[in-house]
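All remarks here apply to the structure that follows.
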Amino acid sequence: MKDHLIILIRSFLSFIILMVIARTLGKQTLSNMNFVDFVTAVILGATAANFAFNEKIEVAHLLIALSVFTITSYILSKLFLKFRKFKMWTEGAPTVLIEGGVILEDNMKKNNMTMDSLNEQLRQREIFNIEDVEYALLEINGKLSVQKKKELQAVTLKDLQLNTGNDKQFPIELVIDGQLLNDTLKANHISETWLLSQLKARGKKLEDVFYAVKGSNGHLYVDDYKDNIRHPIDVE
């Protein structure tokens, strides 16, 4: 029982230490993990996990090891801000995968990138036809930056020479998982009667609705429990 308690305390301590380190390194490191950040994260995680289960490791030794890796990562992040060439040498540079609509196979091979993984990342960017892509860049954090061909790029208000107003609002969720969000309705001065009338106009009842949201354009979007898709593309 004593051993179990010791492991419990050491595990909790490891978790707290890693949380403090993550907070110290900052949000930018977490959101854009590069090679250095990845190596640091693996080492810190392995060290903390080993400390939790290996009673031979002393707390002082753990703190020294974690401090070294944390300080090293922090110093490198500051050096990257000041010396761009050092950053490029350490992290590498983004790689062009598609240029002028042409797939660069050699660059894909250098980054161990397959067509399946490329198409997967394109689909995540809501691009299902690779011929729509003019330019694709593999960033150093592994994410794909994509530029569509000019004729497929979205038209902006600036292109239409229209003035942007301040009448837009955040989407307001009214129903989630079939549950009416009464507090949200009151906070946004939306009556339940209005919502039910909107649903009735669509031939729906509240119990039929899985999700309902009033969009930034003021329109009501409703999703039913029953999707009524005759031929689903992927059924697990």
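Every read-out reported here was derived from the displayed coordinates using simple, explicitly stated rules and does not represent laboratory data. Bear in mind the structure is a predicted one, so any value in this text is a computation, not a measurement. Cβ atoms come from the backbone with ideal geometry, glycine included; neighbour counts cover every protein chain shown.
Other residues whose C-beta falls under 13 angstrom from the C-beta of Gly178 contribute a net charge of -3, scoring Lys and Arg +1 and Asp and Glu -1. Net charge dipole, segment 52-156: roughly 560 debye, given to the nearest 20, about the Cα centre with Cβ charges of +1 for Lys and Arg and -1 for Asp and Glu. Give me the net charge for the shell around Asp132: Cβ to Cβ below 9 angstrom, other residues only, Lys and Arg +1, Asp and Glu -1. Summing Lys and Arg as +1 and Asp and Glu as -1 gives 0.
Quote the charge dipole size of segment 106-226 about the Cα centre in Debye, to the nearest 20; the model charges only the Cβ of Lys and Arg (+1) and of Asp and Glu (-1).
Numbers: 17 positive and 19 negative charges, 41 e Å.
Magnitude of the dipole: close to 200 debye.
Pairs exceeding a 24 Å alpha-carbon distance, out of Lys85/Lys143; Lys109/Lys143; Lys110/Lys143; Lys85/Lys148; Lys82/Lys149: Lys85/Lys148; Lys82/Lys149. Calculated FRET efficiency, Ala93 to Val20, Cβ-Cβ distance, R0 = 25 Å: about 0.15 to the nearest 0.05. Label-to-label distance for Tyr221 and Gln147 is 2.9 nm, based on points extended 7 Å past Cα in the beta-carbon direction.
For segment 122-141, the residues whose backbone nitrogen is under 16 Å from a point 7 Å from the Cα of Asp159, taken along Cα to Cβ, are 132-135.
Extending 7 Å from the Cα toward the beta-carbon at both Asp116 and Phe12 defines two label points whose distance is 4.4 nm.
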